[in-house]
Structures are given as structure tokens and as C-alpha cells.
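Following: one structure in C-alpha cells, then a few remarks.
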Amino acid sequence: MNKCESPAAIDLFGIHKWYGDFHALRDVDLTVRRGERIVICGPSGSGKSTLIRCINALEQHDEGRIAVNGTTLTTDPKSVEKVRRQTGMVFQSFNLFPHLTILENCLLAPMQVKKVGRAEAEELARSYLEKVRIADQARKYPGQLSGGQQQRVAIARALCMTPNIMLFDEPTSALDAEMVREVLDIMVSLAEGGMTMLCVTHEMGFARQVADRVVFMDAGQIVEANSPTEFFGAPQHERTQKFLRQLLH
Amino acid sequence: MALLPIEAFVLSKEAPARPPPPRGQIRWRKTLFGDAISAAVTAVIIVTALFVLPKLVQWAVVSGVWTGGPSACHDGGACWAFLREKAPQILFGLYPPNDRWRPILVILLFLGLALWTMPPRHWSVATLWAWAVGVAAALVLMGGGVFGLKAVPTASWGGLPITLLLTVLSLSAGFPLAVLLALGRQSRLPAIRVLCIGFVELVRALPLLTMLFIASLLSPLMLPNGLSIDNFLRALVALTIYAAAYLAEVLRGGLQAIPRGQYEAACALALNKWKTARLIVLPQAIAKVIPPLTNTIVVTVKNTSLVLVVGLFDLLSAGRAALADPVWPAPYTETFLFIALIYFAICFSISRYSLFLERRMASEGRQ
């Protein structure tokens with residue numbers, strides 16, 4: 001790669017990860033370009049959550065190289081912090097801070113980590129809460145909101161750190177059916193805004209609509225990665241075909 | 001197999017929402033006499049009250065002596081006149097009578113600070129500073145020696161101010177220590193973990209009385225000649241260590257109840273370990289353990305009464321000292337009732353306040 005060229009958003013090379021004796025990730029390679037939107041799917045236990053949790057060092061990979069915006073993740077806390085400042089993460093179980101109001105949830109990290117002033121942080125928080133259409137709930141506590149609303153706040157909270165990469169770990173799996181749409185709508189508008197996104201999800205409609213690439217994982221490996229049209233229209237690997245058949249029936 | 005024909009249903013008439021039927025009085029009757037056991041318990045309580053109350057009223061009110069000197073009291077009735085005479089001595093111990101305005105001011109100061117701190121909207125760094133300044137002012141007021149105040153050695157302090165000072169100081173010094181101990185128990189460094197566990201287990205395994213004796217008898221032997229630590233300080237150190245060990249265990253329970261997702265969310269937002277602990281984990285952990293925390297605080301208030309064994313005149317020992325006056329008959333019951341009432345007022349207020357906090361947090365959906 002040319003040195004003047006800006007580095008890939010995410011570069012994974014030969015990633016291995018074990019939980020005890022269990023080989024959770026086996027030699028995973030993946031390069032995510034800037035602005036690329038990737039959906040990772042696969043059966044449960046296939047390592048897709050582990051993979052994206054390795055990218056912001058919530059899990060430590062045992063072998064291989066992870067680089068985020070050119071920063072290589074090492075055991076050095078500085079590299080970890082640098083990567084985490086540039087990546088936002090949305091969890092399946094929202095993980096909002098229940099003792100803080102919606103607004104305070106969004107203010108905490110910008111003010112404490114990035115040392116942004118209160119007024120500026122609040123302006124930013126309000127604009128993102130507006131964007132996820134929940135600004136009117138700013139003074140409430142997370143426990144007073146529905147699941148869909150909480151997940152939208154969680155997206156706003158991550159965005160308040162102005163990351164250039166967003167990681168989604170099954171963001172709609174804990175939601176009632178009628179709330180999935182409101183969260184997906186926000187994710188679609190985020191994708192249309194040019195955010196680099198890596199989403200672990202079972203929402204194949206979302207994958208068809210916004211993904212540049214769909215990555216199918218099974219047993220700790222990437223089995224197939226392709227554009228949504230090719231992936232859904234003409235899956236190559238037999239395990240992909242089997243997974244898609246099960247999904248449709 | 002033939003299925004039953006399906007009977008289609010479509011709502012034709014809306015059932016309007018209406019308020020629930022009245023049940024206030026019915027609930028009372030149900031609670032007291034709803035079943036055989038409740039009825040029996042209620043009956044026992046009523047009969048006992050009918051038996052005991054008249055005697056109590058007779059002793060305390062009808063035959064009670066409210067005014068007069070030592071000779072006015074007699075066997076049949078309560079000697080409230082004694083308390084009227086001795087209340088200052090019970091409340092302030094051996095403190096110089098001419099300077100009693102100083103302990104009075106200390107009590108008012110603590111009362112004012114406590115009342116100010118109660119509404120959660122007053123919780124701030126400024127309030128914390130107000131307490132620091134308040135405690136320092138209380139110590140200066142009691143001890144004197146500056147600003148033209150006559151110096152009063154701790155040996156002459158006594159009564160309620162000692163109880164309040166020991167409680168506030170041991171809790172405010174013990175709490176940060178407890179936080180460190182509780183966090184240290186979760187540390188990844190084995191040396192720190194073992195040290196914290198060892199400290200907590202050792203202190204919990206010793207009776208407070210033993211620790212007070214050790215503090216007062218052993219420490220002079222271990223310190224170089226001529227150097228002595230004030231009795232008050234010795235008792236305070238023992239109480240602080242004791243409170244810290246128990247508070248640490250209470251906090252540990254709260255820390256263990258914090259879901260892993262909270263740590264992960266904090267990590268993902270690039271918060272460091274200390275900020276995660278201070279801003280995310282501890283506030284939630286403390287909110288989760290309000291009931292056992294209240295318990296430990298109330299126990300600490302009452303534990304201060306044990307300092308009488310090291311020669312400090314707290315509320316209880318000041319009361320006992322007042323009873324030693326040979327001029328008066330010694331009305332133990334009345335004196336201890338008076339002291340019990342003060343302890344009860346303090347501890348019951350703390351307990352009601354903690355209930356208020358719990359309800360408020362629940363109503364905001366914070367839990």
C-alpha cells in the first residue's frame with residue numbers, strides 16, 4: 001500500500017482468539033474501507049460478536065494484527081484509548097447508565113474523556129438526540145424509556161464522541177418487534193450519512209438495503225463475503241446456502 | 001379428528017374504564033382481623049396494651065414528679081425533675097458549664113448540615129466542602145485554644161457532641177477507606193487483593209470492644225516514650241477501622257450487582273478505570289445497597305456508646321456519670337429512657353430518610 005494513501009478504517013489480519021480451549025476466531029482477515037457499511041451475519045456462536053468486540057479491545061485477540069484508522073491495537077493502554085475514541089459501539093442490551101439522565105448519558109464521555117466544555121457538549125448531545133428523535137426525553141432516566149427509545153439513546157451517546165466508525169452488536173435483538181423498525185431507521189440514516197459501519201445483525205432486510213458487503217461467519221471463520229445482491233442472490237459456499245435457507249423458512 | 005367449530009368474536013360494546021371500588025377501610029379490617037392468626041395477634045396486643053398502658057401512665061404521668069429538688073422524688077412515680085436538673089450534664093458531659101453554648105452550637109451545626117444535605121438536589125462538591133468546614137469548625141468550637149476560645153481538652157468533652165463527632169468523623173473517614181477496600185478486593189493485583197481481604201476479615205473477626213481496648217492500652221506501649229495520642233483520637237481510629245471494614249463488605253455486594261455491560265459501555269466510551277469506578281460503578285453500587293448501608297450507619301451511631309470503656313464521656317456514659325450524684329436518688333429508668341429517646345430520634349430519622357431515598361430512586365426508574 002502506498003504510504004500517502006490514507007489507511008483503511010479497519011484492518012484485520014490473521015486474527016485468532018481462544019476462550020480457554022475453544023477456538024473462537026480462526027485466522028480472520030477483513031479490511032473495511034472508509035465509509036463502507038458491512039453487515040456480519042451467521043449462526044450464534046460463530047464468532048461475529050467476538051470479532052467486533054476485538055476491534056475496540058473489549059476482548060483481546062490472541063494472535064494477528066488489528067489496526068483502526070492506522071492505529072495498531074497493542075496491550076499499550078494508549079493505543080486502546082486512541083482506538084476507542086474513534087469507534088462508537090452499540091450493544092444488544094443498550095447498556096445505558098441507569099443512574100444518569102438521557103442527557104447526562106450523552107454528556108459524560110465527551111466531557112470526561114475529550115474534555116469538551118459543558119455548553120458545547122450539551123449542544124452536541126442535543127443535536128444527536130434530535131437526530132435519533134428523542135430530544136424531548138432528555139431529562140428522563142433510561143428506566144423510564146422503552147427498549148427502542150433506549151437503543152436510540154445508546155446510538156446518540158456513541159455518536160456524541162464523534163467517532164468515525166460505528167460498531168453495532170446485534171442492536172435490535174433485544175427489542176420487541178414493533179421497536180425494531182425505529183432503531184433500524186436511525187441506522188439507515190446513519191449509513192446514508194457516510195458513517196463507516198460494522199453491524200452484527202440478523203436483520204437481512206437492513207443488510208439488503210444499506211450494506212456494501214455482507215460477511216457470513218461460521219465456526220470462527222469468514223465463510224463468504226460479497227455484495228448483498230450476490231450474497232443473497234447467488235451464495236457460493238454450501239454453508240452460506242444452508243444458513244440462508246434456514247433464515248427464509 | 002373433528003375440530004370444534006370456531007366461534008368468531010368481534011368486540012361490539014366497549015367496556016369503559018372506571019376507578020377501582022373503594023377499599024380503604026376494608027383493608028384495615030382485613031389486616032387486623034382478616035384471618036384467625038391476625039385476629040389472635042391483634043387481640044393479644046390489645047389485651048397487653050390494656051394491661052400495661054394504665055400502669056405506665058400512672059408511673060410516668062399521674063405520679064410523675066416534674067418539679068422540685070432531690071427530696072421531691074418518691075418511689076411510686078417517675079422522677080422527671082432529675083432530668084430537668086441533669087439534662088445539660090447528660091447532653092454535654094463534663095464540658096465547662098459556662099462554655100456550654102459551644103457544644104450547643106456544634107449540635108445545631110450538625111443538625112443544620114444534615115437537614116441541608118437531605119434533598120438530593122443539594123448533593124454537590126460544595127456540600128461536601130460544607131461538611132469538611134463544618135466538622136473542622138465543630139472541632140475548633142469544642143477544643144478551643146484559638147480565636148479567644150478557652151482551651152477544653154478532649155477529656156472534658158462529653159455527651160451528645162461526642163456521639164455526633166465520633167459518628168460523623170468515623171463514617172466520613174471510614175467511607176473512602178471502605179471504597180478503596182471494596183475496589184481493592186476486585187483488583188487484578190494479588191498483593192492488593194490479599195491485603196484488602198485480610199484487613200476486612202481481621203477487623204470483622206474482632207469485637208469492637210477489643211479494638212477499643214487495643215487502641216487505648218496497647219498503643220501507648222508501642223509508641224515511643226513521651227508521645228501519646230489523645231484518647232478521643234484513639235477511639236476514633238478504632239471506630240473508623242471498624243466502620244470501614246463493614247462498609248467495605250456492604251459496598252462489595254453493590255459492586256457485584258453491577259452488570260458487566262456497564263463496564264463495557266464505559267470502556268467503549270474510552271473512560272479510564274478510575275473514572276469508570278467514580279462516575280459509573282460506585283454511584284450505582286451505592287444506590288443498590290442503601291438498606292444495608294443504612295444498617296451499618298445506624299450501628300455505627302450506636303457503637304459510639306462503647307467508647308465509655310476508654311474513658312470518653314459520650315451520651316451514654318455522661319448519663320451514667322449524672323446518675324452517680326449522691327444528692328439525688330438515682331432514677332436509672334428515666335435517664336436511660338431519655339438517652340434511648342435521643343438515640344432513637346437519630347437512628348429512626350436515618351432509617352426514614354433512607355426509605356425516602358429508596359422510593360425516590362425507584363420512582364425515577366433508576367434501579
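The values are calculated or read from the model by the stated rules, or taken from the named source; none is laboratory data. Note that this is a predicted model, so its numbers are computed, not measured. Note that each Cβ is placed from the backbone with ideal geometry, even for glycine, and that neighbours are counted across all protein chains shown.
Things to note:
- Answer residue from segment A:29-85, given it is over 16 Å from the mean Cα position of the chain (by Cα) and buried (at least 23 other Cβ atoms within 10 Å of the Cβ) and is nearest to the other protein chains (Cβ to nearest Cβ) among those: A:His61
- Being free of Cβ contacts under 8 Å to residues at least 24 places away in the same chain and within 19 Å of A:Gln86 (Cα to Cα) is a property that A:Leu58 lacks.
- Failed item in (1) within 20 Å of A:Met204 (Cβ to Cβ); (2) buried (at least 18 other Cβ atoms within 10 Å of the Cβ); (3) not hydrophobic (A, V, I, L, M, F, W, C), with A:Pro110 passing the rest: (1)
- Criterion violated by B:Pro329 - all others in (1) surrounded by fewer than 18 Cβ atoms within 10 Å (Cβ to Cβ); (2) assigned to a helix (DSSP H, G or I) satisfied: (2)
- B:Thr163 part of a helix (DSSP H, G or I), at pLDDT below 90 and surrounded by fewer than 21 Cβ atoms within 10 Å (Cβ to Cβ): no
- Helices (runs of 4 or more DSSP H) within segment A:153-249 that include 3 or more residues within 24 Å of A:Lys131 (Cα to Cα): A:177-192, A:204-210
- Among the residues making up segment A:109-143, those that are free of Cβ contacts under 8 Å to residues at least 12 places away in the same chain and either part of a helix (DSSP H, G or I) or within 20 Å of A:Leu190 (Cβ to Cβ) (or both) are A:Met111, A:Gln112, A:Arg118, A:Ala119, A:Glu120, A:Glu123, A:Ser127, A:Glu130, A:Ala135, A:Asp136.
- Segment A:149-181, residues that are of a type in the set (Asp, Glu), modelled with pLDDT of 90 or more and surrounded by fewer than 22 Cβ atoms within 10 Å (Cβ to Cβ): A:Glu170
- In segment A:96-125, residue nearest to the other protein chains (Cβ to nearest Cβ) [restricted to those that are farther than 25 Å from B:Val281 by Cα and of a type in the set (D, E, K, R)]: A:Glu120
- Entry remark, segment B:51-70: residues being surrounded by 11 or more Cβ atoms within 10 Å (Cβ to Cβ) and either touching a residue at least 40 places away in the same chain (Cβ under 8 Å) or more than 30 Å from the chain's Cα centre (by Cα) (or both) number 13 in total.
- Filter result (assigned to a strand (DSSP E or B) and within 7 Å of another protein chain (Cβ to nearest Cβ)) within segment A:86-95: A:Met89
Conditions (1) farther than 29 Å from A:Arg126 by Cα; (2) modelled with pLDDT of 90 or more, marked per residue:
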residue	(1), (2)
A:Glu5	yes, no
A:His23	yes, yes
A:Leu30	yes, yes
A:Arg53	no, yes
A:Leu58	no, yes
A:Asp62	yes, yes
A:Gln92	no, yes
A:Pro98	no, yes
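- Across segment B:309-326, the number of residues qualifying as of a type in the set (A, V, I, L, M) and crowded, with 20+ Cβ neighbours inside 10 Å comes to 5.
- Close pairs from segment A:186-201: first within 17 Å of A:Ser173 (Cα to Cα), partner among the basic types (Lys, Arg) and not in a helix (DSSP H, G or I), Cβ under 9 Å, at least 6 apart: A:Ile186/A:Arg133; A:Leu198/A:Arg37; A:Cys199/A:Arg37
- Only residues that are of a type outside the set (A, V, I, L, M, F, W, C) and surrounded by 13 or more Cβ atoms within 10 Å (Cβ to Cβ) were counted across segment B:350-360, and they come to 4.
- When we screen B:Ile342, B:Ile258, B:Ile297 for residues that are surrounded by fewer than 19 Cβ atoms within 10 Å (Cβ to Cβ) and either in a helix (DSSP H, G or I) or among the small types (Gly, Ala, Ser) (or both), the only hit is B:Ile342.
- The condition of being in a helix (DSSP H, G or I) and surrounded by 11 or more Cβ atoms within 10 Å (Cβ to Cβ) holds for only one of B:Leu94, B:Leu139, B:Leu149, that being B:Leu139.
- Check on B:Arg252, more than 23 Å from B:Ser156 (Cα to Cα), part of a helix (DSSP H, G or I), within 14 Å of chain A (Cβ to nearest Cβ) and at pLDDT 90 or above: no
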